[in-house]
Amino acid sequence: MTLSNWHALIQAKYRLSLRLFLLLNVMSAIFSILSPLYHMRYLALPVLLIAALSTVMLMLDAVNRLKNVDIRIIALTFGMLWAWQIYMKSGIVQDEHATYIMIALLSVLFISAIAFTHNISAFALHSLPVFLTVMWIDAGEHFLQLAYSLAVPVAGIIIQQIIQKRNDAFAQGLMSQLLEEKKRLRDLSLLDPLTGIYNRRGFQSRFDSLPATENEQRYVLLLDIDYFKAYNDHYGHMMGDKALIRVSAAIRDAVRSRDIVARYGGEEFLVLVTCATPALAKQAAERIRQRVYDLHIPHMFNDSVATHVTISIGLAPLTSAGLDEALQAADRALYGAKHQGRNHIFTSEDARAA
């Protein structure tokens, strides 16, 4: 899950809370109109406004017109309408006055508690106008009962919010860990597992991210370990792997940090030399050749025995023709270096002259 998906999930929960709130209000208003308490039909303006406003807003939400609405303003508006309705109807309910205001308060608290489980401010804005109105109408006769009726859902919502915040914090922490792991796995997919340098995919990714420059000259070096098959056959594949590791390290150490080094194939390596002249590119190739030539690779079963390998290098400029064309030119130059007797550097110009 990405950060944008997380925000989309939060927005979806917000809209679900709004829809549930509106639906409960329209149902309560219709029930109050069709089947009022104590069978006292009193068609007051507030309950009609609640029914009409809830219906209209549900219809607008269905066609995606309530995207940026503040749910707290809606909660306060409906809370004041319910307070108005209770005040008006309490005047005609004389015998069951206390019971009516208690049921009315509990009905509003029920709507708030169900719809605003994760939004304490919206709960307060919807419930407080009704609670204060009921307390005023009751004149303190049932203060403890009314206060308890409000305290229970408030405590429940506060506990729920504490739990939800801990769950959200855990989920966000887990999401961050997953994103870091995804990045780490992506980085690993771009690296050769044996040598730790870029593989072909990593080289292409790094090459594609290089800034485009008009005057910068870049050169492609294609390198191949000489007689590597014979080396493997003579010393074994484990020694062959050790040689690859040492050679890749020597190549990496011989170039600048801004140059790109990759394992191109089994015993082939690829280097992109950036910000260079033909002379500097040739010097970089010579440093690589010499570093590899100077390697003394200890035999894994006998420290007193050291093996050594050489490397042939083909060099070609990266032109406007693109990377593939430069690789083909470097490959032809590498073929020429092999035919010169190996442990040589051959340029694309040398290949054309030959």
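Residue-wise, which Karplus ³J(HN,Hα) couplings in Hz belong to the range 316-321, taking 6.51 cos²θ - 1.76 cosθ + 1.60, θ = phi - 60°, and x for glycine or proline?
8, x, 8, 10, 5, 5
Residue by residue through the range 117-124, which ³J(HN,Hα) values in whole Hz follow from phi under the Karplus form 6.51 cos²θ - 1.76 cosθ + 1.60 (θ = phi - 60°), with glycine and proline marked x?
So the J values, rounded to whole Hz, are 4, 10, 9, 5, 5, 5, 4, 5.
With an 8 Å Cα cut-off and a minimum separation of 6 or more residues, compute the relative contact order for the chain in percent.
This gives 12 percent for the chain.
What is the extension gain from ALA151 to LEU132, computed as 0.36 nm multiplied by their sequence separation minus the C-alpha to C-alpha distance, in nm to one decimal?
5.5 nm
If you take the beta carbon distance between ARG352 and LEU178 as r and set R0 to 56 Å, what does 1/(1 + (r/R0)^6) give as a FRET efficiency, to the nearest 0.05?
0.60
Hey, what did the range 226-354 get for relative contact order, percent, Cα under 8 Å, at least 6 apart?
After rounding, I find 19 percent.
Considering the zone a paramagnetic label at LEU194 would reach in this model (a point 7 Å from Cα along the Cα-to-Cβ line), which residues of the range 268-298 have amide N under 19 Å from it?
What the label zone holds, given the 19 Å backbone N cut-off, is 268-271, 292-293, 295-298.
Tally up the carbon and sulfur contribution to the accessible surface of the chain as a whole percent, 1.4 Å probe, everything protein left in place.
So the carbon and sulfur contribution to the accessible surface is 61 percent.
For a distance above 25 Å, tell me the whole-number percent of Cα pairs in the range 191-296 that qualify.
21 percent
Determine how large the accessible area of TYR87 is when every protein chain is in place; take a 1.4 Å probe and give Å² rounded to the nearest 10.
Estimated to the nearest 10 Å², TYR87 gives 120 Å².
Please compute the net charge surrounding ALA284, taking Lys and Arg as +1 and Asp and Glu as -1 over other residues with Cβ under 11 Å from its Cβ.
+3
Compute the signed sum of charges (Lys and Arg +1, Asp and Glu -1) over the other residues within less than 14 Å, Cβ to Cβ, of VAL56.
+1
Could you work out [θ]222 nm for the chain from helices alone, using -39500 (n - 2.57) per DSSP H run of at least four and dividing by all its residues? Round to the nearest 500 deg cm²/dmol.
Helix-only estimate at 222 nm: -22000 deg cm²/dmol.
What is the total of Lys pairs in the range 121-264 with C-alpha atoms under 30 Å apart, excluding same-chain pairs fewer than 8 positions apart?
Qualifying lysine pairs in the range 121-264: 5.
Order the peptides 75-81, 113-119, 201-207 from the highest to the lowest mean number of other Cβ atoms within 10 Å of their residues.
With the highest mean Cβ count within 10 Å placed first, the list reads 75-81, 113-119, 201-207.
Calculate the translational D of the chain in whole µm² s⁻¹ from Stokes-Einstein, where the hydrodynamic radius comes from the Kirkwood formula applied to all Cα pairs, the temperature is 10 °C and the viscosity 1.306 mPa s.
Result for D is 59 µm²/s.
Given H placed on each backbone N at 1.01 Å, which residues far from LEU318 in sequence or on other chains put an amide H within less than 5 Å of it?
Residues meeting the criterion, in which the H sits 1.01 Å from N, are ARG218, TYR219, VAL220.
The values are calculated or read from the model by the stated rules, or taken from the named source; none is laboratory data. Note that the structure is predicted; figures quoted are calculated from it, not measured. Counting neighbours? That spans all protein chains shown, and the Cβs are built from the backbone with ideal geometry, glycine included. To get the accessible areas, we keep the full protein, side chains included, count just its heavy atoms, and leave off ligands, DNA and RNA. Shrake-Rupley method; radii C 1.70, N 1.55, O 1.52, S 1.80 Å.
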